[in-house]
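The structure appears right after this line, and notes come after that.
The values are calculated or read from the model by the stated rules, or taken from the named source; none is laboratory data. A quick note: this is a predicted structure, and the numbers were derived from the prediction, not measured. For neighbour counting, all protein chains shown are included, and Cβ atoms are generated from backbone atoms with ideal geometry for every residue, glycine included. The area values use the complete protein model at the heavy-atom level, side chains included, leaving out ligands, DNA and RNA. Shrake-Rupley method; radii C 1.70, N 1.55, O 1.52, S 1.80 Å.
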Amino acid sequence: MKREFAVIGLGRFGGSICHELSKEGMDVLAIDLDEDKVNEFKNIASHAVIADTTDEKVLKEIGIRNIDHVIVAIGDNIQASILTTLMLKELGIKKITVKAQNDYHEKVLRKIGADQVVHPERDMGKRIAHSIISNNILDHLELSDDHSIVEVKAGKKMSGRSLIDLDIRAQYGCNVVAIKKDKEINVSPMATVVIEDGDVLIVIGSDIDISRFEKNLVVDDD
Ligand code: ATP
């Protein structure tokens with residue numbers, strides 16, 4: 001059976017989620033207060049309805065209780081975002097993802113039981129900052145407040161050396177969980193694997209350790 005999603009708030013963020021889920025063949029109910037936004041998504045999502053999701057009666061009427069995963073992408077109106085989340089929680093929705101506007105908003109959302117809180121502007125800012133530091137840092141994904149996964153391209157400092165030789169775990173405290181060579185991915189690589197120019201390493205660790213690893217082995221000196 002297809003999983004059912006609902007996206008509440010069809011701004012840039014919610015709209016983009018709605019587009020992608022629909023493109024992947026998911027069943028999506030698109031919801032917004034604004035009639036123009038709803039009309040825009042009529043031919044994209046499986047269903048699109050005009051509704052004020054801060055009203056519990058309205059949520060019940062649109063059948064929100066049958067949905068597996070609801071994404072609350074109401075931005076500016078923090079009160080509406082919190083009220084909607086609370087109502088969804090009370091209606092027993094299994095999974096609720098909410099976009100937070102700031103740290104205070106995030107804290108409240110976590111307190112009332114949002115399963116996943118996302119902070120797209122802040123997170124994207126962090127990811128872009130890391131890729132600006134070096135062309136070799138391809139991506140940076142936050143796992144928690146102080147742990148991340150990074151995807152880095154091997155440059156001159158790593159090329160031709162094995163994992164034993166680089167001694168990344170002992171020297172920098174982080175772990176290479178996979179190495180991508182062209183289209184092949186080597187998960188949990190042996191310590192004897194030799195890294196070649198252009199290989200992509202996926203590394204997990206604390207932010208402090210990853211930062212030392214990046215400065216010493218990823219960022220080229222020139
Ligand atoms: P983005 O940056 O993703 O464009 P934003 O952070 O500017 O969005 P808003 O434009 O404030 O967010 O909100 C996103 C959408 O949520 C809007 O289209 C708005 O009409 C809708 N919205 C706001 N309140 C409610 C509500 N109570 N019920 C349903 N939709 C709502």
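Summary table
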{"read-out": "Span from the region 5-59 Cα centroid across to the region 61-102 one, whole angstrom", "value": "12 Å"}
{"read-out": "Residue-span extension gain [LEU143 to LYS111] - 0.36 nm each, minus C-alpha spacing", "value": "9.6 nm"}
{"read-out": "Residues listed by number, region 68-112, amide nitrogen under 14 Å from ARG122 label point at 7 Å toward C-beta", "value": "98-111"}
{"read-out": "Nearest-0.05 FRET efficiency for SER134 and ARG161, computed from C-beta distance (R0 22 Å)", "value": "0.75"}
{"read-out": "Residue-normalised accessible area of the chain, expressed per residue, 1.4 Å probe, Å²", "value": "56 Å²"}
{"read-out": "At least 15 Å along the helix axis (C-alpha) and Kyte average at least 0.5, DSSP helices within the chain", "value": "78-90"}
{"read-out": "23 Å Cα-Cα reach of LYS95 towards lysines, excluding residues that sit fewer than 8 places from it in its own chain", "value": "LYS2, LYS23, LYS57, LYS60, LYS107, LYS111"}
{"read-out": "Helix-only mean residue ellipticity at 222 nm for the chain, each DSSP H run of n ≥ 4 adding -39500 (n - 2.57), per residue, nearest 500", "value": "-9500 deg cm²/dmol"}
{"read-out": "LYS183-SER16 pseudo-label distance in nm [points 7 Å out on the Cα-to-Cβ vector]", "value": "2.8 nm"}
{"read-out": "Label point distance in nm, ASP220-ILE50, each placed 7 Å from Cα along Cα→Cβ", "value": "5.7 nm"}
{"read-out": "Surface share of carbon and sulfur [accessible, 1.4 angstrom probe, percent] for region 122-218", "value": "54 percent"}
{"read-out": "Region 122-218: Lys pairs at Cα distance under 15 angstrom, eight or more positions apart or on different chains", "value": "6"}
